[in-house]
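Input: a single structure, listed below in C-alpha coordinates.
The values are calculated or read from the model by the stated rules, or taken from the named source; none is laboratory data. No experiment lies behind these values; they were computed from the predicted model shown. Don't worry about glycine lacking a Cβ; one is built from the backbone with ideal geometry, like all the others, and counts go over all protein chains shown. Protein only, heavy atoms only, side chains kept; ligands, DNA and RNA dropped before computing areas. Shrake-Rupley method; radii C 1.70, N 1.55, O 1.52, S 1.80 Å.
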Amino acid sequence: MERKTKIIAGNWKSYKSEGDVHDWFKQFAEKQKKDSFEKSHSVECILFVPFIYLSLAKHLIDHFRLPLSIGAQTVSSYPSGAYTGEVTAQMVAQYAKYVLIGHSERRKLLGEEERTLTEKVHLAKNAHLETLYCIQNEETPIPIGVRYVAYEPVWAIGSGTSDSPENANKVASVVKKAHPLQYVLYGGSVTVKNVEEFLKMDAIDGILLGKASLDPYIFLEIVQISLRT
Ligand code: PGA
(Lines give C-alpha, C1' and ligand atoms only; values in the text may rest on other atoms or scores of the structure.)
Protein backbone atom coordinates (compact mmCIF):
# COMPACT_ATOMS: atom_id res chain seq x y z
CA MET A 1 0.00 0.00 0.00
CA GLU A 2 1.33 3.42 -0.89
CA ARG A 3 1.96 5.46 2.22
CA LYS A 4 0.23 8.75 2.80
CA THR A 5 2.28 11.86 2.01
CA LYS A 6 3.80 13.42 5.13
CA ILE A 7 3.97 17.17 5.45
CA ILE A 8 7.02 19.00 6.75
CA ALA A 9 6.12 22.66 7.13
CA GLY A 10 8.24 25.55 8.36
CA ASN A 11 6.98 28.79 9.85
CA TRP A 12 9.56 31.56 9.57
CA LYS A 13 7.44 33.94 11.71
CA SER A 14 8.86 37.50 11.59
CA TYR A 15 12.46 36.54 10.99
CA LYS A 16 14.86 37.12 8.07
CA SER A 17 16.06 39.96 5.87
CA GLU A 18 15.88 39.79 2.08
CA GLY A 19 19.54 38.73 2.03
CA ASP A 20 18.80 35.93 4.51
CA VAL A 21 16.01 34.70 2.24
CA HIS A 22 18.40 34.51 -0.74
CA ASP A 23 20.94 32.65 1.41
CA TRP A 24 18.35 30.19 2.76
CA PHE A 25 17.21 29.09 -0.71
CA LYS A 26 20.73 29.01 -2.15
CA GLN A 27 22.00 26.86 0.72
CA PHE A 28 18.94 24.64 0.54
CA ALA A 29 19.49 24.17 -3.22
CA GLU A 30 23.19 23.33 -2.83
CA LYS A 31 22.64 20.88 0.01
CA GLN A 32 19.70 19.30 -1.74
CA LYS A 33 21.86 18.71 -4.83
CA LYS A 34 24.68 17.26 -2.74
CA ASP A 35 22.32 14.90 -0.94
CA SER A 36 20.58 14.10 -4.25
CA PHE A 37 17.22 14.72 -2.64
CA GLU A 38 14.59 15.03 -5.33
CA LYS A 39 10.92 15.88 -5.22
CA SER A 40 9.26 13.03 -3.41
CA HIS A 41 5.66 11.97 -3.33
CA SER A 42 6.08 10.75 0.20
CA VAL A 43 6.89 14.17 1.71
CA GLU A 44 5.53 17.60 0.89
CA CYS A 45 7.56 20.55 2.18
CA ILE A 46 5.85 23.86 2.83
CA LEU A 47 7.43 27.14 3.91
CA PHE A 48 5.28 29.81 5.52
CA VAL A 49 7.11 33.06 4.79
CA PRO A 50 6.32 36.70 5.66
CA PHE A 51 4.09 38.42 3.07
CA ILE A 52 6.90 40.61 1.84
CA TYR A 53 8.95 37.58 0.75
CA LEU A 54 6.17 35.62 -0.99
CA SER A 55 7.14 36.83 -4.44
CA LEU A 56 10.88 36.39 -3.84
CA ALA A 57 10.36 32.90 -2.39
CA LYS A 58 8.31 31.91 -5.44
CA HIS A 59 10.99 33.29 -7.75
CA LEU A 60 13.82 31.44 -5.96
CA ILE A 61 11.89 28.16 -5.79
CA ASP A 62 11.25 28.35 -9.55
CA HIS A 63 14.83 29.43 -10.24
CA PHE A 64 16.45 26.57 -8.27
CA ARG A 65 13.58 24.17 -9.10
CA LEU A 66 13.12 23.31 -5.45
CA PRO A 67 10.60 20.77 -4.15
CA LEU A 68 8.96 23.32 -1.85
CA SER A 69 5.48 24.83 -1.65
CA ILE A 70 4.85 28.32 -0.35
CA GLY A 71 2.42 29.52 2.24
CA ALA A 72 1.55 32.81 3.90
CA GLN A 73 1.44 33.10 7.69
CA THR A 74 -1.97 34.75 7.77
CA VAL A 75 -4.37 36.53 5.47
CA SER A 76 -6.78 39.44 5.77
CA SER A 77 -10.27 38.79 7.11
CA TYR A 78 -11.50 41.32 4.53
CA PRO A 79 -11.95 40.91 0.78
CA SER A 80 -10.32 43.34 -1.65
CA GLY A 81 -11.46 46.90 -1.04
CA ALA A 82 -10.70 49.95 1.08
CA TYR A 83 -8.82 48.16 3.88
CA THR A 84 -5.50 49.99 4.17
CA GLY A 85 -2.57 47.76 4.93
CA GLU A 86 -4.40 44.47 4.50
CA VAL A 87 -3.15 41.63 2.29
CA THR A 88 -6.04 39.67 0.81
CA ALA A 89 -6.37 35.97 0.08
CA GLN A 90 -6.60 36.81 -3.63
CA MET A 91 -3.25 38.57 -3.47
CA VAL A 92 -1.61 35.73 -1.58
CA ALA A 93 -2.99 33.13 -4.00
CA GLN A 94 -0.85 34.60 -6.80
CA TYR A 95 2.23 33.23 -5.03
CA ALA A 96 1.18 30.66 -2.48
CA LYS A 97 -0.71 27.40 -2.28
CA TYR A 98 -1.21 27.44 1.50
CA VAL A 99 -2.05 29.80 4.31
CA LEU A 100 -1.55 29.39 8.05
CA ILE A 101 -4.56 30.54 10.03
CA GLY A 102 -5.12 30.61 13.79
CA HIS A 103 -1.52 30.44 15.02
CA SER A 104 -1.55 31.00 18.79
CA GLU A 105 0.82 33.97 18.52
CA ARG A 106 -1.76 35.79 16.42
CA ARG A 107 -4.65 34.71 18.65
CA LYS A 108 -2.81 36.02 21.70
CA LEU A 109 -0.87 39.05 20.46
CA LEU A 110 -3.29 40.31 17.81
CA GLY A 111 -6.52 39.22 19.49
CA GLU A 112 -7.69 37.07 16.59
CA GLU A 113 -10.88 35.28 17.59
CA GLU A 114 -13.01 32.50 16.15
CA ARG A 115 -15.23 34.78 14.07
CA THR A 116 -12.29 36.50 12.40
CA LEU A 117 -10.50 33.19 11.88
CA THR A 118 -13.57 31.61 10.32
CA GLU A 119 -13.86 34.57 7.94
CA LYS A 120 -10.20 34.16 6.97
CA VAL A 121 -10.73 30.46 6.26
CA HIS A 122 -13.74 31.32 4.11
CA LEU A 123 -11.85 33.93 2.08
CA ALA A 124 -8.84 31.63 1.71
CA LYS A 125 -11.08 28.88 0.35
CA ASN A 126 -12.69 31.27 -2.15
CA ALA A 127 -9.19 32.18 -3.37
CA HIS A 128 -8.30 28.45 -3.71
CA LEU A 129 -5.76 28.57 -0.89
CA GLU A 130 -5.42 25.51 1.34
CA THR A 131 -5.65 26.48 5.01
CA LEU A 132 -3.42 24.93 7.65
CA TYR A 133 -5.44 25.72 10.74
CA CYS A 134 -3.69 25.84 14.11
CA ILE A 135 -5.45 24.46 17.16
CA GLN A 136 -4.15 24.67 20.70
CA ASN A 137 -5.94 21.58 22.06
CA GLU A 138 -8.66 19.12 21.08
CA GLU A 139 -11.35 21.60 22.12
CA THR A 140 -10.32 24.43 19.81
CA PRO A 141 -13.19 24.92 17.31
CA ILE A 142 -12.27 24.13 13.70
CA PRO A 143 -14.12 26.07 10.97
CA ILE A 144 -16.04 24.10 8.35
CA GLY A 145 -14.03 23.41 5.22
CA VAL A 146 -10.66 23.07 6.96
CA ARG A 147 -8.84 19.92 5.85
CA TYR A 148 -5.38 20.54 7.33
CA VAL A 149 -4.84 21.13 11.02
CA ALA A 150 -1.74 21.70 13.15
CA TYR A 151 -1.99 20.82 16.83
CA GLU A 152 0.33 23.17 18.70
CA PRO A 153 0.04 23.40 22.49
CA VAL A 154 0.87 27.00 23.47
CA TRP A 155 3.35 25.98 26.17
CA ALA A 156 5.37 23.90 23.68
CA ILE A 157 5.92 26.68 21.14
CA GLY A 158 9.47 28.00 21.27
CA SER A 159 9.94 26.60 24.79
CA GLY A 160 12.27 23.71 24.06
CA THR A 161 9.73 21.33 25.65
CA SER A 162 7.54 19.47 23.19
CA ASP A 163 4.37 17.57 23.93
CA SER A 164 4.88 13.82 24.18
CA PRO A 165 4.42 12.01 20.87
CA GLU A 166 1.81 9.79 22.56
CA ASN A 167 -0.31 12.72 23.74
CA ALA A 168 0.05 14.52 20.40
CA ASN A 169 -1.13 11.33 18.72
CA LYS A 170 -4.10 11.12 21.06
CA VAL A 171 -5.13 14.72 20.29
CA ALA A 172 -4.69 14.05 16.55
CA SER A 173 -6.96 10.97 16.76
CA VAL A 174 -9.63 12.83 18.74
CA VAL A 175 -9.81 15.74 16.27
CA LYS A 176 -9.79 13.36 13.30
CA LYS A 177 -12.79 11.56 14.76
CA ALA A 178 -14.66 14.79 15.35
CA HIS A 179 -13.88 16.51 12.00
CA PRO A 180 -13.45 15.43 8.39
CA LEU A 181 -9.71 16.22 8.27
CA GLN A 182 -7.11 14.97 5.81
CA TYR A 183 -3.99 15.95 7.69
CA VAL A 184 -3.15 16.60 11.33
CA LEU A 185 0.34 17.96 12.00
CA TYR A 186 2.09 18.42 15.31
CA GLY A 187 4.06 21.59 16.13
CA GLY A 188 5.93 22.90 19.18
CA SER A 189 9.66 22.47 19.86
CA VAL A 190 10.23 19.79 17.23
CA THR A 191 13.90 19.22 16.48
CA VAL A 192 16.18 16.85 14.58
CA LYS A 193 16.34 14.81 17.78
CA ASN A 194 12.64 14.24 18.46
CA VAL A 195 11.00 14.49 15.01
CA GLU A 196 11.15 10.77 14.28
CA GLU A 197 9.12 9.90 17.38
CA PHE A 198 6.28 12.16 16.21
CA LEU A 199 6.38 10.92 12.63
CA LYS A 200 6.06 7.32 13.79
CA MET A 201 2.67 8.05 15.36
CA ASP A 202 -0.16 6.79 13.21
CA ALA A 203 -2.51 9.78 13.58
CA ILE A 204 0.23 12.39 12.98
CA ASP A 205 0.65 13.26 9.31
CA GLY A 206 3.44 15.78 9.56
CA ILE A 207 5.19 18.51 11.49
CA LEU A 208 4.99 22.28 11.74
CA LEU A 209 8.43 23.64 12.59
CA GLY A 210 9.21 27.11 13.90
CA LYS A 211 12.80 27.59 14.95
CA ALA A 212 14.04 24.45 13.17
CA SER A 213 12.91 25.86 9.80
CA LEU A 214 15.08 28.96 10.01
CA ASP A 215 18.24 27.04 9.12
CA PRO A 216 18.04 25.29 5.71
CA TYR A 217 20.41 22.52 6.80
CA ILE A 218 18.31 21.64 9.85
CA PHE A 219 15.12 21.87 7.80
CA LEU A 220 16.56 19.52 5.16
CA GLU A 221 17.82 17.12 7.80
CA ILE A 222 14.29 16.89 9.19
CA VAL A 223 12.94 16.32 5.68
CA GLN A 224 15.49 13.52 5.19
CA ILE A 225 14.42 11.93 8.48
CA SER A 226 10.79 12.07 7.41
CA LEU A 227 11.65 10.38 4.10
CA ARG A 228 13.15 7.48 6.06
CA THR A 229 10.42 7.23 8.71
P1 PGA B 1 8.79 26.09 17.45
O2 PGA B 1 7.53 26.86 16.84
O3 PGA B 1 9.07 24.91 16.57
O4 PGA B 1 9.90 27.11 17.43
O5 PGA B 1 8.42 25.66 18.83
C6 PGA B 1 6.43 26.17 16.31
C7 PGA B 1 5.40 27.13 15.77
O8 PGA B 1 5.19 28.21 16.34
O9 PGA B 1 4.76 26.84 14.74
- Scan (1) within 12 Å of the ligand (Cβ to nearest atom); (2) open to solvent by less than 10 Å² (accessible area, probe 1.4 Å) for the single condition GLN136 breaks and write down its number. (2)
- Would you call VAL75 in a helix (DSSP H, G or I), over 18 Å from TRP24 (Cα atoms) and touching a strand residue (DSSP E or B) at 6+ places or on another chain (Cβ under 6 Å)? no
- Item | Yes/no for ILE52 being β-branched (Val, Ile, Thr) and either open to solvent by 30 Å² or more (accessible area, probe 1.4 Å) or assigned to a helix (DSSP H, G or I) (or both) | yes
- Under 8 Å between Cβ atoms, at least 6 apart or on separate chains: pull out the pairs that start in segment 153-164 with a residue that is at positive phi and end on any residue that is near the ligand (Cβ under 8 Å from one of its atoms) and of a type in the set (Gly, Ala, Ser). GLY158/SER189; GLY158/GLY210; GLY160/SER189
- List, please: which pairs have Cβ atoms under 7 Å, are six or more places apart or on different chains, and start with a residue in segment 5-21 that is of a type in the set (S, T, N, Q) and end with one that is more than 10 Å from the ligand (Cβ to nearest atom) and open to solvent by 50 Å² or more (accessible area, probe 1.4 Å)? THR5/HIS41
- Item | Residue tally, condition small (Gly, Ala, Ser) and out of contact with any helix residue (DSSP H, G or I) (no Cβ under 7 Å at 6 or more places or on another chain), over segment 125-161 | 4
- Within segment 108-127, identify whether any single residue is touching a residue at least 24 places away in the same chain (Cβ under 8 Å), open to solvent by 50 Å² or more (accessible area, probe 1.4 Å) and not in a helix (DSSP H, G or I), and answer yes or no. no
- Query: Any chance segment 7-17 includes a residue that's in contact with a Cys (Cβ under 6 Å, 6 or more places away or on another chain) and either closer than 28 Å to VAL184 by Cα or more than 16 Å from the ligand (Cβ to nearest atom) (or both)?
  - Reply: yes
- Of all residues in segment 154-176, how many are near the ligand (Cβ under 10 Å from one of its atoms) and part of a loop (DSSP other than H, G, I, E, B)? 6
